[in-house]
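Structure, as structure tokens:
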Amino acid sequence: MSVLKADHLTIKFGGLTAVSNFCVTVEEGELVGLIGPNGAGKTTTFNMLTGVYKPTNGKVYLYEQDITKKRIDQITALGIGRTFQNVRLFSELSVIENVMVGSHLRLKSSFFQAVFHTPRYTKEDEQIREEAKQLLSEVHLDKFENKVAGSLPYGEQRRLEIARALATKPKLLLLDEPAAGMNPQESRDLMNFIQKIQNKFKLTIVLIEHDMKVVMGICKRILVLDYGVTIAEGKPIEIQHNPEVIKAYLGAEANYA
Amino acid sequence: MSLNVFLQNLINGISLGCLFALIAIGYTMVYGILRLINFAHGDIFMMATFFAYYAIALFSLPWGLAFFAAIILTILLGITVDRIAYRPLRDAPRISSLCSAIGMSFFLQNLAIVVFGGRPKPFFRPEFFDQTFVISDIRIQSVSLITPLVSIFFLLILTYIIYRTKTGLAMRAISKDFDTAKLMGINLNQTIALTFAIGSGLAAIGAILWALRYPQIFPFMGMFPGWRAFTAAIIGGIGSIRGAMLGGFLIGLMTIMIVAFFPEQAGYKDAFVFVLLIFVLLYKPEGIFGEE
Amino acid sequence: MKKVKKKEKDYFLFFLKIIAILIVVIFVFIAQRNFDAYVIRILTLCGIYVILGVSLNLINGFTGQFSLGHAGFMSIGAYVSALLYMSPELKEVNYFITPLIWPFSVIQIPFFISVIAGGIIAALVGFLVGAPCLRLKGDYLAIVTFGFSEIIRIIFNNLQSITNGPLGLKGLPSYTNLWWSWGAAIFTIYFISNLINSSYGRALKSIREDEAAAEAMGVNLFYHKGLAFVVGAFFAGIGGALLGSLIMTIDPNTFSVVMTFQIIVIVIVGGLGSITGTVIVATIFAILMEFLRVFESPMNFFGTKLPGIPGMRMLIFSIILMVVILFFKRGLMGGKEFSLKQFIKIFSRDNRVIKEGS
Ligand SMILES: Nc1ncnc2c1ncn2[C@@H]1O[C@H](COP(=O)(O)OP(=O)(O)OP(=O)(O)O)[C@@H](O)[C@H]1O
Ligand SMILES: [Mg+2]
């Protein structure tokens with residue numbers, strides 16, 4: 001059974017078709033890369049998968065269940081976790097609180113049990129805190145536990161965002177340019193880290209990356225978007241030598257110059 | 001209702017609508033540029049009437065001069081409010097400037113109570129505004145005729161400034177894209193100050209015409225005209241000057257017509273305005289006539 | 001080992017809280033017997049402002065939804081409860097122009113239950129108001145909630161057969177005393193601070209920090225914002241009900257936007273997102289409101305009689321508000337809390353140093 005299936009996802013903003021006919025099937029345990037030049041529609045694709053944008057056309061299936069029309073928080077509860085391209089932490093909350101918010105959707109205690117701190121709630125809250133601590137030590141942030149999230153250095157913030165997403169216990173994790181703003185060494189470390197958590201939590205991951213080189217090492221399969229169109233899909237080697245891809249990236253490079 | 005009564009109400013409504021349009025411009029321009037609801041605008045409007053009142057009562061200026069002085073003072077007040085309460089918060093979160101605007105409104109109202117006293121004061125109505133014309137059964141006060149003429153005159157001037165001068169261009173540029181305008185070297189603070197000046201000046205003109213129409217002034221008098229004008233600005237699509245004018249007319253006509261057609265429900269006329277405001281914000285936040 | 005330590009600390013905290021409450025109870029007991037009516041009245045007002053401030057802070061400070069509707073919820077609490085606890089005779093006296101409609105004209109129930117009923121109806125309206133508005137943000141939400149509160153006021157002014165219109169209700173029995181107001185205030189603080197420190201509270205704060213991220217973490221925005229509105233409106237209703245019976249006269253214009261402004265002053269000056277800040281400032285506010293009355297009544301200044309200046313109190317408050325907004329952008333407490341835990345920390349600091357060293 002496929003974890004994720006996107007079926008001809010298309011979205012238009014006014015006259016602009018940001019993504020057209022995006023199709024992908026992701027199997028259990030895969031680590032898929034989604035690459036493409038600036039403005040190709042990568043983030044928009046993630047936003048359609050997570051319910052932020054409703055596609056103009058097409059459907060999204062999670063474990064063969066149609067989730068296209070579901071609310072964002074429902075989709076999260078069903079098992080899609082995500083991070084954001086520009087880090088979006090709850091910056092005035094403490095590091096551990098950030099992670100604990102991710103567990104709120106699985107809270108079993110009722111509102112009044114929570115407010116009156118009944119033993120059942122206290123126990124559950126204790127458990128949530130314990131889990132959050134474990135996640136934090138997983139991403140090596142345990143020593144920052146009570147720091148305000150906004151005060152962390154950038155790299156740590158990125159890892160905290162991943163920990164927070166993991167707290168929702170996702171089956172599928174969507175990472176939007178996790179290596180953005182990092183130097184090559186840091187990017188390599190991060191990619192190793194991602195592989196590690198993938199094994200540890202038995203995750204299926206889709207990863208957006210701007211820079212092709214970063215994902216070549218860890219993704220077995222890569223999709224390339226350009227102007228919203230999927231121009232290539234395949235093994236890293238194939239992608240690297242695909243003339244269309246080279247053209248898209250060269251074109252983008254030329255634009256920079 | 002006979003045609004005559006209807007016409008009389010129509011003229012009244014248009015005249016009131018002009019006043020709302022004049023006030024609404026101030027809301028819409030400031031919002032367009034700063035994304036700030038200038039809660040204090042209604043109170044600036046109120047201050048204008050007191051300036052005019054004291055110019056006549058204390059300095060016994062002739063009414064033309066007194067009104068002119070009041071307009072100038074109100075413009076200065078508007079600029080000062082921006083300088084003190086809003087400029088220091090330009091880079092702060094928007095909620096801070098919202099708090100500041102609420103605080104400023106609160107401050108001006110209480111200042112007025114302390115300085116001018118809380119009791120309503122009778123506003124001096126020069127004879128020129130006090131005549132009543134009778135045209136075959138329709139009785140019209142001269143204020144109701146003068147108001148639209150004066151308003152339309154100033155609204156035309158405003159349109160000219162906004163769409164035909166360099167300053168107007170700068171204003172439109174800032175309201176389109178604050179950051180880019182900054183980069184393009186537009187003098188932000190000066191342009192914003194000018195925006196407040198224009199908004200306050202028009203509010204002052206509206207306020208004086210208002211006081212001539214309803215010759216009682218008191219510290220909380222800015223609140224309802226303020227909210228109706230604000231509703232007008234929202235209906236017209238906030239940020240849009242033409243929209244504010246159209247919205248103003250609509251609100252003016254509506255309030256007059258509600259009272260005329262449903263006299264028993266007259267007590268609810270402000271509730272209607274708020275219902276309209278909420279409805280537009282919820283279902284058509286870009287406004288009915290929204291353009292820019 | 002660590003677990004035991006924590007348990008010990010929890011018990012200690014619990015113990016401290018019990019002592020604090022005991023002190024308050026004893027204080028109220030002594031105050032109610034010995035203080036003169038004027039001082040008691042001020043202290044009672046303190047409690048009511050605490051209820052109003054803390055409940056508004058839940059919506060505006062912790063959830064980040066800038067509401068200007070508090071006065072509306074208060075007036076619902078005040079009217080609903082008054083309609084329930086006034087005696088039929090008193091109602092007949094009050095509604096001499098337009099009679100009160102049945103069944104309100106005949107019922108009378110105990111004060112406590114009618115206050116709760118006031119809170120519940122306010123909460124219900126809070127939900128009805130909140131539900132459509134919750135997708136609006138920032139200043140738009142502020143306007144819409146203000147609009148609703150004004151609509152409530154206008155309706156109350158016109159629904160003569162229920163509210164007695166602008167004449168208001170006079171001669172309300174004064175049930176509100178220190179016990180009621182401080183009891184309700186302590187319950188409000190207990191309820192809302194526990195809520196804030198629960199998983200629900202974290203969800204509310206996450207909405208304030210970043211709505212989109214909160215939603216992506218599985219927080220149902222509609223449900224949680226609605227929750228904040230309902231709880232806030234409930235306590236506003238309670239506060240309004242108690243205020244009504246304290247001042248003994250209510251009319252729809254008691255609950256105008258000026259009332260909301262006063263509570264906003266308390267919340268902003270105390271710090272959006274700080275319960276202790278709100279409590280401290282609410283108390284100071286109630287006391288200052290009385291002290292500053294001297295400006296508003298005639299004074300004898302070295303033999304010369306100075307006339308009172310009406311409105312001076314509010315002017316001073318608005319200046320304080322502006323100074324805080326402009327110079328202490330985060331309010332008195334800057335969103336932080338002063339808590340017993342910190343109190344303990346201060347005393348156990350050496351202890352901790354040793355522990356970390358070993
Ligand atoms: N809400 C929106 N309204 C209008 N246009 C949008 C919206 N969101 C995205 N777009 C447009 O869709 C296109 C794709 O944007 P997207 O953010 O998905 O690109 P991306 O591949 O993530 O690029 P980057 O590498 O810069 O992150 C862009 O042209 C963008 O301007
Ligand atoms: Mg992107």
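The values are calculated or read from the model by the stated rules, or taken from the named source; none is laboratory data. Since this is a predicted model, take the numbers as computed values, not measurements. All Cβ positions, even for glycine, are placed from backbone atoms using ideal geometry, and neighbour counts span all protein chains on display. The area values use the complete protein model at the heavy-atom level, side chains included, leaving out ligands, DNA and RNA. Shrake-Rupley method; radii C 1.70, N 1.55, O 1.52, S 1.80 Å.
Just to be sure I understand the interface: list residues from the stretch C:247-266 that lose 40 Å² or more of accessible area between the chain on its own and the complete protein assembly, 1.4 Å probe.
Residues of the stretch C:247-266 that lose at least 40 Å² of accessible area once the other chains are added: C:Val258, C:Phe261.
Assuming R0 = 60 Å, can you tell me the calculated FRET efficiency for the pair A:Thr122 and B:Leu145, based on Cβ-Cβ distance, to the nearest 0.05?
0.20
Gap in Å between the Cα centre of the stretch C:166-187 and the Cα centre of the stretch A:171-203?
Spelled out, the Cα-based centre of one part sits 59 Å from the other.
Which aspartates and glutamates have a Cα lying under 20 Å from the Cα of A:Lys247, excluding residues fewer than 8 positions away in the same chain?
Cross-link targets: A:Glu209, A:Asp211, A:Asp226, A:Glu233, A:Glu238.
Translational D (Stokes-Einstein, µm²/s) of the protein assembly as shown at 4 °C and 1.567 mPa s when Rh comes from the Kirkwood sum over C-alpha pairs?
The estimated diffusion coefficient comes to 42 µm²/s.
Considering only protein heavy atoms and a probe of 1.4 Å, how much of the accessible area of chain C is carbon and sulfur, as a whole percent? Show your work: numbers first, answer last.
On the way: 11300 of 15760 Å².
Carbon and sulfur: 72 percent of the exposed surface of chain C.
Just how large is the dipole of the stretch C:39-268 about the Cα centre, in debye to the nearest 20, putting +1 at every Lys and Arg Cβ and -1 at every Asp and Glu Cβ? Please report the intermediate quantities before stating the final value.
Values: 10 positive and 9 negative charges, 32 e Å.
The calculation lands at about 160 debye.
Would you please put C:219-226, A:68-75, C:288-295, C:27-34 in order of how densely packed they are, using the mean number of other Cβ atoms within 10 angstrom per residue and starting with the highest?
Top of the packing list down: C:219-226, A:68-75, C:288-295, C:27-34.
Pairs A:Lys42/C:Lys225; A:Lys169/A:Lys196; A:Lys147/A:Lys200; C:Lys205/C:Lys225; A:Lys171/A:Lys200; A:Lys108/A:Lys171: which are spaced more than 22 Å apart, C-alpha to C-alpha?
Flagged as over cut-off: A:Lys42/C:Lys225; A:Lys147/A:Lys200.
Please figure out what share of the DSSP beta bridges in the protein assembly as shown is antiparallel and state it in percent, rounded to the nearest 5.
65 percent
Sticking with the crude label model, points 7 Å out along Cα→Cβ, report the distance from C:Leu288 to A:Lys220 in nm, one decimal please.
6.7 nm
Take the alpha carbon gyration tensor of the stretch B:41-174, find the square roots of its eigenvalues, order them as a ≥ b ≥ c, and report rounded if a/c is under 1.5; if not, report prolate when a/b exceeds b/c, else oblate.
Because a/c hits 1.5 or more and a/b fails to exceed b/c, the stretch B:41-174 counts as oblate.
What number comes out for the charge environment of C:Ala213, summing +1 per Lys or Arg and -1 per Asp or Glu over other residues with Cβ under 9 Å away?
Combined, the nearby Lys, Arg, Asp and Glu give -3.
So, for the protein assembly as shown, what is the accessible surface per residue at a probe of 1.4 Å, expressed in square angstrom?
Dividing the accessible area of the protein assembly as shown by its residue count gives 44 Å².
Can you list residues from other chains, or at least 5 along the same chain, whose modelled amide H is less than 5 Å from the amide H of B:Phe123?
B:Gln216, B:Ile217
Check cross-link reach from A:Lys133 to the aspartates and glutamates: straight Cα distance under 17 Å, and skip same-chain residues fewer than eight apart.
Those aspartates and glutamates meeting the cut-off are A:Glu97, A:Glu124, A:Asp125, A:Asp142, A:Glu145, A:Glu156, A:Glu161.
Could you work out how far apart the two model spin labels at B:Ile288 and A:Glu233 are, taking each label as a point 7 Å from the Cα in the direction of the beta carbon, and quote it in nm?
Computed distance between label sites B:Ile288 and A:Glu233 equals 5.0 nm.
Determine the principal axes of the Cα atoms in the stretch C:39-268, then give the extent along each, sorted from largest to smallest and rounded to whole angstroms.
57, 35, 28
Suppose each label sits 7 Å from its Cα in the direction of the beta carbon; what would the C:Phe12-A:Leu16 distance come out to in nanometres?
It is 5.8 nm.
Around C:His224, what is the net charge, scoring Lys/Arg as +1 and Asp/Glu as -1 over all other residues with Cβ under 11 Å from its Cβ?
Surrounding charge for C:His224 is +1.
How about C:Lys170: which aspartates and glutamates have a C-alpha closer than 12 Å to its C-alpha, ignoring those fewer than 8 places off in the same chain?
Partners within reach: C:Glu92, C:Asp251.
Can you check what the net charge comes to around C:Lys170, using other residues whose Cβ is under 14 Å from the Cβ of C:Lys170 (Lys, Arg +1; Asp, Glu -1)?
Residues near C:Lys170 contribute -2 overall.
With charges set only on the Cβ (+1 for Lys and Arg, -1 for Asp and Glu), what does the dipole of the stretch C:168-280 come to about its Cα centre, in debye to the nearest 20?
The dipole of the stretch C:168-280 has a size of about 200 debye.
Give me Rg over Rh for the stretch B:157-232, both radii from the alpha carbons and Rh done the Kirkwood way, two decimal places.
Dividing the radius of gyration by the Kirkwood radius yields 1.10.
What average count of beta carbons from other chains do you get within 10 Å of the Cβ of residues in B:89-96?
Other-chain Cβ atoms within 10 Å of each residue's Cβ, averaged: 3.
What does the buried accessible surface come to for C and B, summed over both chains, with the probe at 1.4 Å? Round to 100 Å².
The buried area between C and B, both sides summed, comes to about 3500 Å².
Accessible area of chain B with a 1.4 Å probe: how many percent of it is carbon plus sulfur?
The value for chain B is 67 percent carbon and sulfur by accessible area.
Which angle between 0 and 90 degrees, to the nearest 10, do you get for helix C:111-133 versus the longest principal axis of chain C when only C-alpha atoms count?
Value to nearest ten degrees: 80.
Summed for both chains, how many Å² of accessible area, to the nearest 100, are buried between A and C with a 1.4 Å probe?
2800 Å²
Carbon and sulfur together cover what percent of the accessible area of chain A at a 1.4 Å probe radius?
53 percent
Helix C:257-270: angle to the longest alpha-carbon principal axis of chain C, degrees 0 to 90, nearest 10?
It works out to around 20 degrees.
Out of B:Leu22, C:Asn158, A:Leu166, whose Cα points farthest toward the positive end of the dipole of the protein assembly as shown (charges: +1 Lys, Arg; -1 Asp, Glu; placed on Cβ)?
So the residue we want is A:Leu166.
Can you work out the FRET efficiency for the pair B:Val115 and A:Phe112, with r the C-beta to C-beta distance and R0 = 60 Å, to the nearest 0.05? Walk me through the numbers on the way to the answer.
Numbers: r = 51 Å, r/R0 = 0.86.
So the FRET efficiency works out to roughly 0.70.
Using only the Cα atoms of chain A, construct the convex hull and provide its projected area averaged over every direction, in square nanometres to one decimal. Write down the numbers at each step before the final one.
Working: hull surface 60.0 nm².
Averaged projected hull area, Cα only: 15.0 nm².
Sequence gap of 8 or more, or different chains, plus Cα separation below 24 Å: how many lysine pairs satisfy both in chain B?
The number of close lysine pairs in chain B is 4.
Counting other Cβ atoms within 10 Å, keep those with at most 16, restrict to DSSP loop, and tell me which trypsin sites (Lys or Arg not before Pro) in the stretch A:126-230 are left.
For trypsin sites (Lys or Arg not before Pro) across the stretch A:126-230 that sit outside H, G, I, E and B with at most 16 neighbouring Cβ atoms in 10 Å, the list reads A:Lys147, A:Lys202, A:Lys220.
If you keep only loop residues by DSSP, which chymotrypsin sites (Phe, Trp or Tyr not before Pro) in the stretch A:35-89 have at most 16 other Cβ atoms within 10 Å of their Cβ? Kindly include the intermediate steps, with their values, before the conclusion.
Values: sites: A:Phe46, A:Tyr53, A:Tyr61, A:Tyr63, A:Phe84; in loops: A:Tyr53, A:Tyr63, A:Phe84.
In loop regions of the stretch A:35-89 (DSSP not H, G, I, E or B), the sparsely surrounded chymotrypsin sites (Phe, Trp or Tyr not before Pro) are A:Tyr63.
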